[in-house]
1. Would you mind calculating the gained length between Ser13 and Ile41 on full extension (0.36 nm times residue separation, minus the Cα-Cα distance), in nm to one decimal?
2. Full extension from Leu77 to Asp54: what is 0.36 nm times the residue separation minus their Cα-Cα distance, to one decimal in nm?
3. Take peptides 30-38, 14-22 and line them up by average Cβ neighbours within 10 Å, highest first, as a rough protection proxy.
4. For Ala25 and Arg65 in one chain, what is 0.36 nm times their gap in residues minus the Cα-Cα distance, to one decimal in nm?
5. First check a/c for the range 9-85, with a ≥ b ≥ c the square roots of the eigenvalues of its C-alpha gyration tensor; if it is under 1.5, answer rounded, and if not, answer prolate when a/b is larger than b/c or oblate otherwise.
Amino acid sequence: MASPPVDSPATSSELLVDIIEALEACGLDNDAFQLHDYIDIDALDQLVNSSQEDVEVRFTVEGIRLAVTPDSVNVLLAKTEESAQQ
């Protein structure tokens, strides 16, 4: 079995931009946090893009919960917010 190709820096950069855009859409100023304090972007990119199975990685930045898959970066609502919307 061949090992998966090493992801290019451009791919990691795209993931970084997607995560920052999701956080900014929630009102978080990009000067308010250091993303590398929460997640290793290169490792995250390699994990979600080299897996042969469906994978989702969840983490929280400054109280904002995110879910990253090979196809998207999504903001997760807190259970109290989900209940209020129903």
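1. Answer, rounded to one decimal: 9.2 nm.
2. Details: separation 23, 0.36 × 23 = 8.28 nm, distance 2.12 nm.
Additional length available on full extension: 6.2 nm.
3. 14-22, 30-38
4. Between Ala25 and Arg65, full extension yields 13.1 nm more.
5. On the way: a/c = 2.17, a/b = 1.28, b/c = 1.69.
It is oblate, given that a/c is not under 1.5 and a/b is not larger than b/c.
No lab work stands behind these numbers, since they all come straight from the coordinates. Keep in mind the model is a prediction, meaning the values are calculated, not measured. Cβ atoms come from the backbone with ideal geometry, glycine included; neighbour counts cover every protein chain shown.
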